[in-house]
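Shown next, in structure tokens, is the structure this report addresses.
The values are calculated or read from the model by the stated rules, or taken from the named source; none is laboratory data. As the structure is a prediction and not an experimental result, all values here were calculated from the model. Cβ placement follows ideal geometry from the backbone for every residue including glycine, while neighbour counts extend to all protein chains displayed. Heavy atoms of the whole protein, side chains included, go into the accessibility calculation; ligands, DNA and RNA do not. Shrake-Rupley method; radii C 1.70, N 1.55, O 1.52, S 1.80 Å.
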Amino acid sequence: MEVVLADTLLSRCGDRAALLRALSAPLCAERAEALRLLLQRLAAGGPAAGEAEALRRAAWEVALERCRPLLRAGEGAAGSGERVRAARAARGALRHCVQLCGAPLAARLARDALAELAAGGPGAEEAAVEALVAAAPRLEEPELLSRCAAAALALVREEGEGEAAAALVAGRLLPALGANGAALPRVWEGLLGAGGAPRAGRALLAMSALADALLPRGPAGPGLDARLCPRFWRLVQEGLTERDGLCRKRARYLLKRALDLSGGQRAELRCPPDESSLFWWSAEKNEQLLQFWETYILIMETLEGNQIHVIKPVLPKLNSLYELAISEDKGWLFHPSWHVCIYRRMFESENKTLTKEGILHFLELYETKRLPNSLGFSEFVIGPLMDALSESSLYSRTPGQSIGACPPLGLRLQKFLASYLSLLPEEEKGSFLLKFIQKMTSRHWCAVPILFLSMALASVPACKVLGAEGLHALRDVLQCTMITHQILLRGAAQCYLLQTALHLTDVEKVSFPEVSSFLLSLRPEESLRRDTLLWTELCSWLQVNDKCFRKSGSSDFERQETSSLCQYVHSLVGEYLKTAASERENCFMPDWFEAKLVSTMILLAADVEQMKHKCRSLMKLGSCPHFSVDFPSAWSFLRPCPTVAADEVLFFIWKSLVTPVESILQFVLRRLTTNELSTVGDLDRCDLYLALIPEIVNLCLKVNWKKMPSIKNFLSSLINASICNLQERNSEKPKVKEQIRKVASMASLAAVCEIMDGKLEVHLESLPSVDALKKFISFSQFNEVLKKPSYIEEKNSSCEETTSQGWGKIVARYVRDQWICLRFVLNSFPALAQGCEETSVMSLSTVERSKEILQSALEALSILPSDQVLAVFDCMKVLVPKLLDSSEALCIEAFDLAWKITSSLSNTQLIFWANLKAFVQFIFDTEVLAVAATAKGQAYTKIKEIIFKLIDLSTTKTGVFNVVLSHCCQSWIFPTERSALRNAFLNAGSYSELITEACVFGTVFRRDQRHIQDVHAFVENLGEKCAANVVTESTNRDDHYVRICAVKFLCLLDGSNISHKTFMEDIFIKLLDKDELVSSSRTRYYANSLQHRIKTRVWQTLLVLLPKLNQNFLCGTLDRVFQAGFSNNQASVKYFIEWIVILCLHKYPQFLDKFWDCFCYDEEKLKKSICTFLSVLAHFDIILENTSEKKPALKKALIVVLQWCFSHNFSVRLYALIALKKIWGMCRMLHVEEFEALTPVIESSLQQVENMHGTGNARRNWQRIQDHFFFATFHPVEDYSLETIFYTLPRLSELAEDEWISLSKFDRFTDVPLPAAFQCCHSRAELRDLKPSDWSQQDMGSHSAEADNQPEWTDVQKKIIPWKNSTSSLDLETAFQDRAAKLGKSNSRLIVVASLIDKPTNLGGLCRTSEIFGASALVVGSLHYIQDKQFQHLSVSAEQWLPLVEVKPSQLVDYLQQKKTEGYTIIGVEQTAKSFDLTEYCFPEKSLLLLGNEHEGIPANLIHHLDVCVEIPQQGIIRSLNVHVSGALLIWEYTRQQVIKQKQQQ
């Protein structure tokens, strides 16, 4: 209608130029839209011959004097709708003015716009760009074209705030420049030229805007062809792997356009020779190429979904890609970098499951296919692949794998690395492995990835490719592995890295110093120790390669090109011992690293020489001139001595070290007792000396007892001298050397006390000086602190710069040493608490003295650091039992403070466990528990409160409960000799909650902890093959060890012992109470839920206790067992209840009457539980083994079973029939005459069941229940064992895998032993080898997944449609049907554009929604859709009442630009970085809603034409809504806002 009016006005007007001038002054929004329409019609029709010049002058004036100022004023005016509307109309008017005026006006506009861009200013960019858009198609001057192209590219490159300008340039200016054939090459060169190209995201934005010019849909022209440019393809590949989803979409769009063009032209196409394989096309292989690329794009588009259930069906297509890409004779037909793009997308996915699938697929394909090596592939392995491998969760077991198995990723990684290296040329292997190892040092890796990467390296076939740089890189990896607290995993990684070094090092390129430096990075307490296979392997490697190592630059053997191990060790020892001891006294502390290096290499050299049957090198060590007097070297040799059985080498070293013991002790005594230690720095020396003393004692006890008198004399002298030093009075302003001497003396006394506490066999208590020590400690003031010394006189000392720092730590150490001494006195001087005459040194009573010490202990806890309170805990353990009666409040205060300190350390890995152990030994000391239980006061309540706090802590800190339970079980059943309690087991009954909770304690359900435990189990299963299993001390922190400890404790109990009997009965009752509590809390619970697990653990423990209980007790509790059978139980619980019932009836047949009563309840109670009791009858032969009168019992059983054979429930009938078959077989064997009348009926019934036919499940289920392990293989008596209870039966009943406790764990837990006479621990082989039955499972489908050779796309979700099939082949012209006026519809200004939607159902629904809410038009890709039955079914005739417009997808750009000039705001329904939330966006009245394709969304070439993107807020997991639903939500929101505006206006 508007066009008709405009044409009429122009035809009736005599002076069109005057009309234009009149209409443009002043130029408001409505006048601007009218002017734009008139200019459009004039440009389309052309001016008349007589008025052409006048119209050009008028158009010139309108453009420069009206449109340009309006653009400057309107574009930047945020919030002014009228101005924006006028400016948009001015855009179109300006473009039509240029059409009328030609190149001169275009050049003028371009110069002005470029000047504005150079000057800058608010709103200048947008106005200038719009002017350039209008001018660009008519520009002719080369200089102007170059400047315009440069300005456009500068805006595209601009980062940060330039995002809006870049989008404007891409959406408006670049397409205009692309339409100018002279400007396009300049833009192209700027985008992909050698210098200054924009980053990938901006370049893709620009390329998408230029797609119509660079990749035209029509026949090939003489212009630019992006397909021939290698940089274009590299940009596309970079975009395909960008993290930004919009960049990926643009890259896919460009790829589709290029492929669509190539497939349509069927022409020969190949990149320049230097990039010949990146992209090519051939008419001969057109179909093969289309198949490859369609599959490729399908995979890339599917990966955008990020949902594994959608992506998994498409992953097999990767195999077909390789089959298409690889030719046996020509190698790669398609550049492998295209495949790398797919894997990079998968590796960088947020969905870890997808990442894992991608890695597994990649490793398996390259391992099995053995594809040829390609350029840049190594960089991909070391880059994106290793980055993805750093995620610990990827190394989890698959559901079908057993605990302890190697995860699939670990296995695939080993095979892949070995296979890939075999394909590399020899000269490239070393550089690849070096980069691989260096990548492992480039970040902080977790323990799990480091472990499996190290295993993969160790599995590489031996080859000499690593030199000194590789060895240094391996050492750096070792230092990275030290970060984790997982000791076993850390040790295992060290083992495999050492094996890697042994397999891959070229010994001719490394020297012994480099090798030894690497070896010292291995911790002997975690990996490399003498009693391991790894040590033997290392010695063998050194022996084989001896005299092959490169000579060190500092070697004394300069004439030789190589060096031997013996020569290196002699040189090393000589260098270390060349300085006499007397000259070292005033030097710095001995280098611990150097000492460890010397001792380790000596041991290695000795073992290597022993392999060669030569020990002369050892003999030469004894002749070293300084060996007998050099204290640091002696210490270094002592420290690393492994605690293994002595062999020839060790015995020789020990014997050599014993020789100079007297001189060493004299040296230590002098240093500790005189004024030689006078600075804070000397305290490190003091620690070194004191650490040496117990080592010397141990050495003499092992090698030479004759040295013990010398040691006793040394200790006596040290005690006396230290007491004298401590008794000296200080001056008012003490000096540093005085205070340091006191610290050293107290530390010396503490060291002596610890030796006497730990080495009882030495009998040091008889020394006269020990009595003096006891008296001194008894009279001392506790928590005595040292005054801070004066530093005035020591300023000239070079070492005193740090003396004023850390004095608080020194004082804390001094206080701690006091408590260590007091602990010795309290432990070995019991009269302190008993008031014996020998201890009359105290003036106060014993109780008062103990109270005073306990108060001092509380004070010490408040002032000492948390890592130095262990001795205080030990002292309180002795004091609290004596004070619980008289000072209970003080004892409770001690409990609370000790718990506060311990619990506060739960996040501190290094000191928490030592403090926890000391805390447990204090609180759960047998005497503390016994006194508290006897009094039954507040202390008893407090201890029970602490028990439950510890259990709660163990749910978040794995291993806490283990420490508590292990200590209690050992102290209750194996009390120590020092314990004054005669019957420590009484504590078990007083604190039975501890055992009860332990019996039902289970694994923590945190996935990361479970994953770590799985990897631990895998390493442990390696056994001695991994040295870490031999070396690493077990911490017993596995959650399973709690129940194992409790079960072993219960197994040790003796039913004939009254205390034990009472305790077991109490535990049995409490466990039944626990089961009833769980059952009452939830009548129905799911498999493997917490309720299910707890009930299973309860009945497992009851089964362990059952043989130890007597008849009288069972008689009173069996009814409760039967009642548990009536509950709605899961399979594993039912089996354990049935097992217990069978064993009870087997041992005590007189309980059968109680059992028959279970069948007398009403049907309502029995309908869910009758199968449990029928299952018991299926083992009736075992029940009657101990019964002499079997016939009455069989008669009763037969009567009961026959009643249930006629049940309405099919499952009940099956259980009854299985029991009937067993009972009737027994009757026939015993020839029971009473049942002869029933013989034909019963046998015919059983025969009928056996021979049933038909296609239903009846016969199948009958066969299944007969084959079920509980009826076919399981023997309740012969299979009674720990393995069956805790591993086999849980596995067969399909309990969660983390509930299976293998017998090996019972063996590994040695804190509590099993009794020697305990019943067999193993299951029978027949039961152990069974697999879980499918009796409780549904039938598994027999149809396998479709193979790749099925018809295309049939194995993926239907919504994933190949890109090629989504484009309509029709070419219809744009037509607008203005039916609104004809139908009398409301004049809504909302246009819904659905041209990208190709599903009739979605279009039908949108048509219905648009009509209901009064949209002005619905735009579709083809009007043929309205004839589709699915469309009509959804639209319910809405198409008859709604204007429909046909716009092909290829015509959308022009259509959107047309609507923009008409004042419409183009709104896209798309998730982008700057999209608006639907709930926060205000729709303009003239809104055009662009909906995306069902799968792809809005194409990349249309996104930059949008004015705004709106997204719908989501709360769920699914990525997107259906397009009809999305459209309906936005249509309604627009309607709602317009209705509100109308009401407000009214």
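A few comments on the model shown:
- Those helices (runs of 4 or more DSSP H) of the stretch 1192-1293 in which at least 3 residues are at pLDDT 85 or above, considering only elements entirely within it, cover 1210-1230, 1258-1267, 1269-1272, 1289-1292.
- Residue in the stretch 802-810 that is modelled with pLDDT under 80, open to solvent by 20 Å² or more (accessible area, probe 1.4 Å), assigned to a helix (DSSP H, G or I) and farther than 18 Å from residue 713 by Cβ present: yes
- Filtering the stretch 1409-1430 to residues that are part of a helix (DSSP H, G or I) and either in contact with a Leu (Cβ under 6 Å, 6 or more places away or on another chain) or surrounded by fewer than 21 Cβ atoms within 10 Å (Cβ to Cβ) (or both) leaves 1410, 1411, 1412, 1423, 1424, 1425, 1426, 1427, 1429, 1430.
- Matching residues in the stretch 256-268 - criterion: being under 20 Å from residue 295 (Cβ atoms) and either at pLDDT 80 or above or open to solvent by less than 50 Å² (accessible area, probe 1.4 Å) (or both): 256, 257, 258, 259, 260, 261, 262, 263, 264
- Qualifying residue in the stretch 57-67 (condition: assigned to a helix (DSSP H, G or I), under 24 Å from residue 146 (Cβ atoms) and either aliphatic (A, V, I, L, M) or modelled with pLDDT under 80 (or both)): yes
- Conditions (1) assigned to a loop (DSSP other than H, G, I, E, B); (2) of a type in the set (S, T, N, Q); (3) at pLDDT below 85: number failed by residue 567: (1)
- Close pairs (7 angstrom Cβ cut-off, 6 or more residues apart or separate chains): farther than 13 Å from residue 526 by Cα in the stretch 469-489, modelled with pLDDT under 80 anywhere: 480/444; 483/444
- Within the stretch 160-179, being surrounded by fewer than 18 Cβ atoms within 10 Å (Cβ to Cβ) and without any contact (Cβ under 8 Å) to a residue 40 or more places away in the chain holds for 160, 161, 162, 164.
- Restricting attention to the stretch 1463-1493, the residues that are in a strand (DSSP E or B), free of Cβ contacts under 8 Å to residues at least 60 places away in the same chain and among the small types (Gly, Ala, Ser) total 1.
- Qualifying position, being at pLDDT below 50 and among the hydroxyl-bearing types (Ser, Thr, Tyr), among 828, 845, 840, 866: 840
- Identity of the residue in the stretch 1256-1286, open to solvent by less than 30 Å² (accessible area, probe 1.4 Å) and of a type in the set (Asp, Glu), that ends up nearest to residue 1137 (Cα to Cα): 1279
- Tally, over the stretch 502-520, of residues that are buried (at least 21 other Cβ atoms within 10 Å of the Cβ) and part of a loop (DSSP other than H, G, I, E, B): 1
- The helices (runs of 4 or more DSSP H) found entirely in the stretch 374-445 that carry 2 or more residues being among the aliphatic types (A, V, I, L, M) are 386-389, 408-423, 426-440.
- Close contacts from the stretch 666-689, counting a first residue that is part of a loop (DSSP other than H, G, I, E, B) and a second that is at pLDDT 80 or above and small (Gly, Ala, Ser), with Cβ to Cβ under 9 Å and a gap of 6+ residues or different chains, come to 674/721; 677/744.
- Filter result for residue 1145 (without any contact (Cβ under 8 Å) to a residue 60 or more places away in the chain, farther than 27 Å from residue 1219 by Cβ, in contact with a helix residue (DSSP H, G or I) (Cβ under 6 Å, 6 or more places away or on another chain) and buried (at least 20 other Cβ atoms within 10 Å of the Cβ)): no
- Residues being open to solvent by 10 Å² or more (accessible area, probe 1.4 Å), part of a helix (DSSP H, G or I) and at pLDDT below 80 - total across the stretch 19-39: 4
- Looking only at residues in the stretch 1431-1454 that are assigned to a helix (DSSP H, G or I) and open to solvent by less than 10 Å² (accessible area, probe 1.4 Å), the one that is nearest to residue 40 (Cα to Cα) is 1452.
- Any hit, the stretch 391-409, residues being within 26 Å of the chain's Cα centre (by Cα), open to solvent by less than 30 Å² (accessible area, probe 1.4 Å) and over 30 Å from residue 1304 (Cα atoms): no
- So residue 921, is it at pLDDT 90 or above and open to solvent by 20 Å² or more (accessible area, probe 1.4 Å): yes
- Residue count, the stretch 408-436 (criterion: among the aliphatic types (A, V, I, L, M), modelled with pLDDT of 90 or more and farther than 25 Å from residue 1019 by Cβ): 1
- Check on residue 961, at pLDDT 90 or above, hydrophobic (A, V, I, L, M, F, W, C), surrounded by fewer than 19 Cβ atoms within 10 Å (Cβ to Cβ) and under 24 Å from residue 1047 (Cβ atoms): no
- Residue within the stretch 898-908 that is buried (at least 21 other Cβ atoms within 10 Å of the Cβ), in contact with a Lys or Arg (Cβ under 8 Å, 6 or more places away or on another chain) and not hydroxyl-bearing (Ser, Thr, Tyr) present: no
- Some residue of the stretch 356-365 being open to solvent by 30 Å² or more (accessible area, probe 1.4 Å) and at pLDDT below 85: yes
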